[in-house]
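**Student:** Okay, handing you the structure first.
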Amino acid sequence: NRRKKKDDNTLEIPSIPNPFPELCCSPFASVLSASLLPKATSRKKQVIKVYSEDDTSRGLEVPSDITARDVCQLLILKNHYIDDHSWTLFEQLTHTGLGRAIEDHELVMEIQSNWVMEEENKLYFRKNYAKYEFFKNPLSFFPDHMISFPSETNAAVNHSGILQMFLSSSTYPEIHGYLHAKEQGKKSWKKLYFLLRRSGLYFSTKGTSKEPRHLQFFCEFSNSDMYMSLTGKKISGAPTNYGFCFKPNKSGGTRDLKQLCADDEQSRTCWMTAIRLLKYGMQLYQNYMQPYQGRSGCSPLNITPMRSISENSLVAMDFSGHRSRIIENPTEALSVAVEEGLAWRRRGCLRLNSHGSPIAMSNMGMSIHRSQSWFHHKISREEAQRLILQHGLVDGVFLVRDSQSNPKTFVLSLSHGLKIKHFQIVPLEDDGKLFYTLDDGHTRFTDLIQLVEFYQLNKGVLPCKLKHYCARIAL
């Protein structure tokens, strides 16, 4: 009775408004909210291991809520790399031969929590030039024959409008086309007509019919991640090398994978880009527009991006006379550039070999390219294609390698139009001097460095200029 009387007296006291409601979230919570405490006390530290292309690794002690972009930022600072917004963290599933570029906003610890210990999965740090290329050049990513628009869209939509539709919540363009799908529990693949809609991925049970009664649900993306097949036909027996799949977040085996395969790279790129936009939407655009904005306290430094100079702002100048002049004739500018390059190379050779013989200078010219980041010694054609694919199929991604069919020649492997092309660099000897050429001797270079520098400024016989090289970085 006393307790009841005490409770009654308590209820009779009028309630006093709390002048600081943010300090008391609930009557059972602590007086100080966890968000008001110092972050150092509430954030745990964990150690992750990140690999590079040459299989060197580095351990990093990072907060448990660190994002992939912040991990890249840490490695950029520790290794003194230049940040051109293309550094990316990759997840590679060794056992299944799958890999994907981790989105900048994803939490690294959540990704590792889905790994199975015995599979030895890895995180790789490398460049991916195609990460946000669809924002700059949507025409290459969404071919007209694979995309259609809702019936209420009357006017023709250009490619910039397509991106706006992908990012909006009201309308969504439909991606459609044939894909090879692996049947669950079987080794066989079946070619079906697929449709990508906002609610998920569907396939038609009757030809190319889009009627609801003929559409069967295949996959949704909120609880799964999309991976690219890195092994081609070896593990899964896919009919082509352009495979990708969906893996549930909590799945460790291959039985739950939903595997697909496209007929060409353009089709696979279109499907994967559209699914990325469908899954992440506006978050991708924010990552693209604000690459340095990380979680509070995770980014080590607020770094201002390096200023880039457009190629259109560069002009050829002649400083040989008393007054400088602009060279307006393209042919004259080209010849001057080649002449200056040859003179600079000769001066460099004389400086480095001032006490040597002409034979020593010739040998140096033959081997000077081995120290360059774009040169890959004795790798196969398949390995070169894999490296370029991992760096992104953007026009101008390249590397130079030794030729396997002819040991005296070299090969320039170049990405253009979502395809990888290979050009043979042939050595020529004239008057006892050795030159290198791509166009049967019409344009000659004393070494491979001069050749690469020339085609970085001039397209020449190539389909595009050399822009981004594939490098095997070391951590």
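The values are calculated or read from the model by the stated rules, or taken from the named source; none is laboratory data. Values in this document were obtained by computation on a predicted structure and should not be read as measured data. Methodologically, a virtual Cβ is constructed for each residue, glycine included, from the backbone with ideal geometry; neighbour enumeration extends over all protein chains shown. When the accessible area is computed, the model is the full protein with side chains, heavy atoms only, and any ligands, DNA or RNA have been set aside. Shrake-Rupley method; radii C 1.70, N 1.55, O 1.52, S 1.80 Å.
**Student:** On a 1.4 Å probe surface of the protein chains, which of Met272, Met282 comes out largest in accessible area, and what is the full order?
**Tutor:** Largest accessible area first, the list is Met282, Met272.
**Student:** Let me ask something additional. Using a 1.4 angstrom probe on the protein heavy atoms only, line up Lys190, Lys131, Lys258 by accessible area, largest first. Numbers along the way, then the final one.
**Tutor:** Numbers: Lys190 110, Lys131 10, Lys258 65 Å².
In descending accessible area the options line up as Lys190, Lys258, Lys131.
**Student:** Using the Cβ atoms and a cut-off under 15 Å, what net charge is assigned to the surroundings of Pro239, where Lys and Arg are +1 and Asp and Glu are -1?
**Tutor:** So the surrounding residues net to +4.
**Student:** By the scheme Lys and Arg +1, Asp and Glu -1, what is the net charge of all other residues having a beta-carbon under 12 Å from that of Phe217? Let's see the in-between values first.
**Tutor:** On the way: positive: Arg197, Lys258; negative: Glu220.
Value of the local net charge: +1.
**Student:** Tell me, what % of the accessible area of the range 374-472 is carbon and sulfur with a 1.4 angstrom probe?
**Tutor:** Details: 2210 of 4630 Å².
With neighbouring chains kept in place, the figure for the range 374-472 is 48 percent.
**Student:** Would you tell me the accessible area of Ile368, worked out with a 1.4 angstrom probe on the heavy atoms of the protein chains, in Å² to the nearest 10?
**Tutor:** 40 Å²
**Student:** To continue, here is another question. Would you rank Glu119, Glu328, Glu61 by solvent-accessible area, highest first, keeping every protein chain in place and using a 1.4 Å probe? Let's see the in-between values first.
**Tutor:** Working: Glu119 30, Glu328 160, Glu61 130 Å².
Result of the area sort, largest leading: Glu328, Glu61, Glu119.
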